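To keep things clear, I will list the structure first and then write my remarks on it.
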Amino acid sequence: MRDVAVVGFAQRQMKEFDGSPTCVELLVPVFRECYEQTGFTRKDIGFWCSGSSDYLAGRSFSFVSAVDAIGALPPVNESHVEMDAAWALYEAWLKIQTGEVDTALVYGFGKASAGVLRRTLALQLDPYTMTPLWPDTVSLAGLQARLGMDEGRWDEAAMASVVARSMADAEDNPDAVRKGARSVEELLSAPMYADPLRKHDCAPVTDGAAAIVLAAGDRAREACERPAWITGLAHHVDPLHLGSRPLTTSPSASRAASAAGVDGVEVTELHAPFSHQELVLRDALRLGPDVRVNPSGGALAANPMFTAGLSRIGEAARRIWQGDADRTLGHATSGPLLQQNLVCTMGATT
Amino acid sequence: MARTLSQPVTVAFDYTRSTGPVVGRFLGGLRDRAVVGARTSTGEVVVPPPEFDPVTHEPTTDFVEVAPSGTVVSWTWTPEPVKGQPFDRPFAWALVQLDGADSPLLHALDVASPHAIETGMRVRVRWAEETVGAITDIACFEPDDDGPPTDAVRGAAPEGEAVTGVVTPVSLDYTYAASPEESSFYSGLAEGRIVGQRCPACGKVYVPPRGACPVDGVPTDEEVELPDRGTVTTFCIVNVPFLGQRIQPPYVSAYVLLDGADIAIQHLIQEVPADEVRMGMRVEAVWRPREEWGTTIENIAHFRPTGEPDADYETYRKHL
């Protein structure tokens, strides 16, 4: 296996992006920031891979328009996934493993505010028995949250403490769109929304774009003083039907964590769009009590569709660049109720 | 104030899907007002039936009918329904384990408030007035206060005629924004101006402006006003009628390279017989009356020949 590291990361997150659904205007400065961090130019990038969805944009082939942000003449080596860009990172990592390229720039973008996000996402459900009912994401999460409460896996206070910690941490994150320390008691006094969820249990609808630069071996060392070497990378998927998989545990996240190897991880960034989902993931990844979870504030602070998972990997990599940790983990989810999970572990050494 | 122009857009399309034998059996059952599940290799009864066994991956063949009543396994309240959901007023969703099934089914539950539900409550299917072979044949679940649990599977599923296909209409509403660059282009048109942008790196002029130079990947921020005349670089004669066509065929759709631009715009060439349009022909915009102008390219009705001599091939060779 080739040693591959995360050497660049930039993101833009906002409540409502006043711009086009292709997000070219966001991607250009995001790419520029990546070039500045790494010293690379676009000609140094061997492979480009993005994650986005036309359903979100309401515009066909939006990812093709987004290629304008690269400057694709002469033509570039490019690919796309209709998933969180963390899966584009997986494809890029594989591409580097093949030896065909040494560097890759992975990006994601989405303007969720253009439509009704919780409704649009009904299109990722079973098209025969679910989508025709238009079950929205918040309602599905409410069903999952109550199952866990009834099973005694968590309670309202445990969910509120996830929110309290996330909102307090988000205060230090300039990219957070929701922040502000509040006590568990204050949170529990807020009105119920989608019973048993309060609004603060649900990630905010967020627009944004993010990019990560990957590089192999010496290319990584030349681009970054303390590269975040990828030590494990795996993704797994659970069945789509809600009745055919456990909803209060996450077998796919557990398998991804086992495959990636989570021993010794000090800091982890979990992509949990609902408060109780962090509790599911902490269990599934078997994280010890001393592991720092979501110092960025996590998805409850900002959850841009198709980039929030990629950003978790970027945030976890940043802890290594800064010398705050020697071993970190970034997690991404896609699909309804944590159906698909990706785990990327990184270290200061290979 | 928003820096972009935007307007509501609805994207609507029907998905026509074949069902296959398993989903077809389930939907055929609903049409006949029966809920059909399948027994998997581990002996569990799953509703809706999975197409393949989750353990052996063999095709599902052992269909059983379960009761139209069951128990709420989980529920949530939907205070702000979205378009297309079973109710357009606040309602509940429930995961319901039907009597005889080992896995829950998702559907709406008709109760007046979240205080009228609890986990473990008994509910039954309320069938739609007309059943057609779709999940919406179950209108919703409703409370079933006196229904005692019945553990047994009702037996082998009835051999009704399977459904072979479903049509699922999808309609999505967006607030569609033009990019800031496109917005200035359309705002310019509303004033009778054609606005492009020049790339600071390669100097090429793009119209409509596009936010970033596709060659250099840098923002194109220098605005350039272009004349409303140019050269036909290529064209086609449209002879085929199609849905939504506004002009009687045959007519000419052409690429017009405005003088000073490096990318052509597509428009109509009129006031000349279709068979006289040619590459290199010099054309000018014919604007609609000013009182009809909006933020749209349709302010230009079409282009027409200027009568100038044809442009030299070399002047547009690189723009083909």
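Take the Cα of A:V237, step 7 Å toward its Cβ, do the same at B:E161, and the gap between the two points is 3.5 nm.
As a test of reading the structure, rank A:D102, A:D207, A:D169, A:D150 by solvent-accessible area (1.4 Å probe, protein chains only), most first. Mind dumping the intermediate values first?
Working: A:D102 65, A:D207 0, A:D169 25, A:D150 85 Å².
The ordering from most to least exposed comes out as A:D150, A:D102, A:D169, A:D207.
Taking amide H positions as modeled 1.01 Å from N, with prolines and chain starts lacking one, the residues under 5 Å from A:E269 and 5 or more places away or on another chain are A:N294, A:L329, A:G330, A:H331. Placing unit charges on each Cβ (+1 for Lys and Arg, -1 for Asp and Glu) gives the protein assembly as shown a dipole about its Cα centre, and among A:T41, A:L125, A:S113 the Cα reaching farthest toward its positive end belongs to A:T41. Here the relative contact order of region B:42-147, from alpha carbon pairs under 8 Å that lie six or more residues apart, stands at 25 percent.
Each Lys or Arg adds one and each Asp or Glu subtracts one; over the other residues with Cβ under 10 Å from the Cβ of A:E269, this totals +3. Between the Cα long axis of helix B:180-190 and the first principal axis of chain B there is an angle of about 60°, rounded to the nearest 10.
Charged side chains reduced to their Cβ positions (Lys and Arg at +1, Asp and Glu at -1) give the protein assembly as shown a dipole of some 640 debye around its Cα centre. Other protein chain C-beta atoms within 10 Å of residue C-beta, averaged over B:77-89: 5.
Please check region A:1-38 for residues whose accessible area, probe 1.4 Å, is lower by 40 Å² or more when all protein chains are in place than in their chain alone. When all protein chains are present, A:D18, A:E25, A:V28 each give up 40 Å² or more of accessible surface. Extending 7 Å from Cα along the Cβ direction at A:R153 and again at B:C236 yields two label points whose distance is 5.4 nm.
Rounded to the nearest 10 degrees, the angle from helix A:156-170 to the longest Cα principal axis of chain A is 30 degrees. A cut-off under 12 angstrom between Cβ atoms defines the neighbours of B:P180, and their net charge, with Lys, Arg +1 and Asp, Glu -1, is -4. Considering only B:T131, B:P114, B:P104, the residue lying farthest towards the positive end of the dipole of region B:104-145 is B:P104, judged by Cα position with unit charges set on Cβ.
Only four residue types carry charge here, +1 at the Cβ of Lys and Arg and -1 at the Cβ of Asp and Glu. Report the dipole size of chain A about the Cα centre in Debye, rounded to the nearest 20.
Working: 31 positive and 43 negative charges, 43 e Å.
Dipole about the Cα centre, nearest 20: 200 debye.
Carbon and sulfur together cover what percent of the accessible area of the protein assembly as shown at a 1.4 Å probe radius? About 50 percent, which is the carbon plus sulfur part of the accessible surface. Buried accessible surface for the B/A pair, both sides summed and rounded to the nearest 100, is 4600 Å² with a 1.4 Å probe. Among residues other than B:T295 with Cβ under 13 Å from its Cβ, the summed charge is -3 (Lys and Arg +1, Asp and Glu -1). Summed over the residues of chain A and divided among them, the accessible surface reaches 33 Å² per residue at a probe radius of 1.4 Å. In the context of the full set of protein chains, residues of chain B present 49 Å² of accessible surface per residue (probe radius 1.4 Å, heavy atoms only). Per-residue 3J(HN,Hα) values for region B:51-66, derived from phi via the Karplus relation 6.51 cos²θ - 1.76 cosθ + 1.60 with θ = phi - 60°, read 5, 10, 5, x, 9, 8, 6, 6, x, 6, 9, 9, 8, 9, 8, 10 Hz in sequence order (x marks Gly and Pro). Here B:S253 and A:A168 are evaluated by their C-beta separation; at R0 = 51 Å the FRET efficiency comes out at 0.30. Farthest toward the positive end of the dipole of region A:188-297, out of A:G243, A:I212, A:P295, is the Cα of A:G243, where the dipole comes from beta carbon charges about the Cα centre. Across region A:106-236, C-alpha contacts under 8 Å between residues 6 or more apart give a mean separation that, scaled by the residue count, equals a relative contact order of 31 percent. Taking a ≥ b ≥ c as the square roots of the eigenvalues of the alpha-carbon gyration tensor, the protein assembly as shown is classed oblate because a/c is 1.5 or more while a/b is no larger than b/c.
The long axis of helix A:24-38 is offset from the longest Cα principal axis of chain A by roughly 60 degrees.
Phi-derived couplings, Karplus 6.51 cos²θ - 1.76 cosθ + 1.60 at θ = phi - 60°, listed residue by residue for region B:236-245: 9, 9, 8, 10, 9, x, 8, 4, x, 5 Hz, with x used for Gly and Pro.
When chain A is treated as a GNM, springs tying every alpha-carbon pair under 10 Å, which of A:G217, A:G39, A:G99 comes out with the largest mean-square fluctuation? Looking only at A:G217, A:G39, A:G99, the biggest GNM fluctuation is shown by A:G99.
Given Cα pairs under 8 Å that are at least 6 residues apart, what percent is the relative contact order of region A:1-109?
33 percent
In this calculation the C-beta distance from A:K43 to A:E186 is compared with R0 = 60 Å, giving a FRET efficiency of 0.70.
In this model, which of A:K43/B:K318; A:K15/B:K204; A:K43/A:K111; A:K111/B:K204; A:K43/B:K204 are farther than 31 Å apart at the alpha-carbon?
Numbers: A:K43/B:K318 24 Å; A:K15/B:K204 34 Å; A:K43/A:K111 28 Å; A:K111/B:K204 29 Å; A:K43/B:K204 20 Å.
From A:K43/B:K318; A:K15/B:K204; A:K43/A:K111; A:K111/B:K204; A:K43/B:K204, over 31 Å: A:K15/B:K204.
When the surface is traced with a 1.4 Å probe over the full set of protein chains, A:K111 keeps roughly 10 Å² accessible.
Please identify the longest segment of chain B free of exposed chymotrypsin sites (Phe, Trp or Tyr not before Pro), where exposed means a DSSP state other than H, G, I, E or B and no more than 15 other Cβ atoms within 10 Å.
B:88-241
Rounded, prolate or oblate, given the Cα gyration tensor of chain A, with a/c below 1.5 counting as rounded? Prolate is the answer for chain A, as a/c is 1.5 or above and a/b outweighs b/c.
The values are calculated or read from the model by the stated rules, or taken from the named source; none is laboratory data. Not measured: the values here are computed from a predicted model. Ideal geometry is used to build each Cβ from the backbone, glycine not excepted, and the neighbour counts take in all protein chains shown. Surface areas here come from the heavy atoms of the whole protein model, side chains and all, with no ligands, DNA or RNA. Shrake-Rupley method; radii C 1.70, N 1.55, O 1.52, S 1.80 Å.
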